[in-house]
1. Quick one: which residues, 5+ away or cross-chain, put their amide H under 5 Å from the amide H of residue 208? H built at 1.01 Å from N.
2. Fully extended, how many nm does the chain gain between residue 15 and residue 31 (0.36 nm per residue separation, minus their Cα-Cα distance)?
3. Skip the ligands, DNA and RNA, and give the accessible area per residue of the chain with a 1.4 Å probe, whole Å².
4. For the chain, with all protein chains present and a 1.4 Å probe, just round the carbon and sulfur fraction of the accessible area to a whole percent.
5. Could you give me the ³J(HN,Hα) list for segment 218-235, computed from phi with Karplus coefficients 6.51, -1.76, 1.60 and θ = phi - 60°, whole Hz, x at Gly and Pro?
6. Could you point to the residue in 238, 277, 299 farthest towards the positive end of segment 167-301's charge dipole, with +1 and -1 charges on the Cβ of Lys/Arg and Asp/Glu respectively?
7. How much length is gained if the chain between residue 82 and residue 339 is pulled fully straight, taking 0.36 nm per residue apart and subtracting their Cα-Cα distance, in nm to one decimal?
8. Using Cα positions and a limit of under 19 Å, work out the aspartates and glutamates in reach of residue 38, with same-chain residues fewer than 8 apart set aside.
Amino acid sequence: DSTTVIRCKAAVAWEPNKPLVIEEIEVAPPQSNEVRIKIVTTALCRTDLYFLSESTTKYTFPMVLGHEAAGIVESVGPGVTEFKPGDKVIPVFLPQCRECRFCKSPKTNLCERSPVSRLTCRGKKLLQFANTSTFSEYTVVNQIAVAKIDPEAPLDKVCLIGCGVCSGYGAALNNARVEPGSSCAVFGLGAVGLAAVMGCKAAGAKTIIAVDTNPDKFHKARVLGATDFVNPNDHDKPISQVLSDMTNGGVDYSIECVGNVEVMSCVKGWGVSVIVGYTDMHDFAARPIQLLSGRTWKGSKLGGFKSKDGVPEMVKAYMAKKLNLEEFITHKMTLNQVNDAIELMEQGIGIRTVLSVSPQQ
């Protein structure tokens, strides 16, 4: 019912670098243009950890983290026509209002508008993280940050499309624009990097070099399309030199998925290097000659997909068996075990942990 406050369970981050606390919170009714969503499953993404630890000025505590999820519309506020209770949806951290100058441009997937929070706990307003706050049984999201998906889609799989899989896959297809027969390097084989490998393969790349200091990740990368593997710990020369030697001067496309500003490299003349790993901690530097000689250096958010358009399309691709999501899911837990999931990620164990939040109806 769109007029009642819902009391439910959520994992609250009260302060940086501390375990999340399972609390009872209040979720206000959806206001105009808002949708209240019952979260069925949510996955843990490294960006959640980044904001829990590298407490930046933008985010203040307490807050409810989580932004890679899938659920069912519980109720809608006034003015919402696109959604109705019972719809299967994926909340998206990157809105698409369809009205601002960015939404109207085919050149970007950014949007100028940002939604607000309807969550409180013990009388304190909880900051809405990444417009979504999905570590909660219910959340309220502006309709511009919700994508309606195929009603047949399994929510415990397609939740990954809300962030990690789109981010990597789209970085290869939409931002790098990988071409058939080309050579690619992907740095970092977490969920985003593995999705980038899958995107390079879908684009028809001939050589896909997977780079990671953890060789345990190489098997999954091979399943998703990687052809070669480089562990920087096995080499005493810079990794850019190793790649250059392997590819006769450097790869055509490189996709950086670790948030490390020192690992970008591609061939001169036409090489494209895309930064995907989220970080705001360090400046990056390059000699002008790097760009003067014809390289392109660019960034990517949600893989360049306009969220409300792209997310349902990616769900369709999964339903048509053109997208592999199973390989990404290495652990399944419940919301109560969120701190265990954080521990696994900090230790570099597994790829994605999917948390069941509410049982599906």
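The values are calculated or read from the model by the stated rules, or taken from the named source; none is laboratory data. Because the structure is a prediction, the values reported are computed rather than measured. Methodologically, a virtual Cβ is constructed for each residue, glycine included, from the backbone with ideal geometry; neighbour enumeration extends over all protein chains shown. Just so you know, the surface numbers come from the protein's heavy atoms only, side chains and all, with ligands and any DNA or RNA stripped out. Shrake-Rupley method; radii C 1.70, N 1.55, O 1.52, S 1.80 Å.
1. Excluding prolines and chain starts, which carry no amide H, the hits are 184, 227, 228.
2. Between residue 15 and residue 31, full extension yields an extra 2.9 nm.
3. Counting only protein heavy atoms, the per-residue value for the chain is 44 Å².
4. So the carbon and sulfur contribution to the accessible surface is 49 percent.
5. Working through the residues one at a time gives 5, 4, 4, 4, 5, 4, 8, x, 5, 9, 9, 9, 10, 9, x, 5, 8, 10 Hz.
6. Result: 299, furthest along the dipole toward the positive end.
7. This chain segment gains 89.0 nm when fully extended.
8. 1, 23, 24, 26, 68, 74, 82, 87, 137, 150, 152, 156
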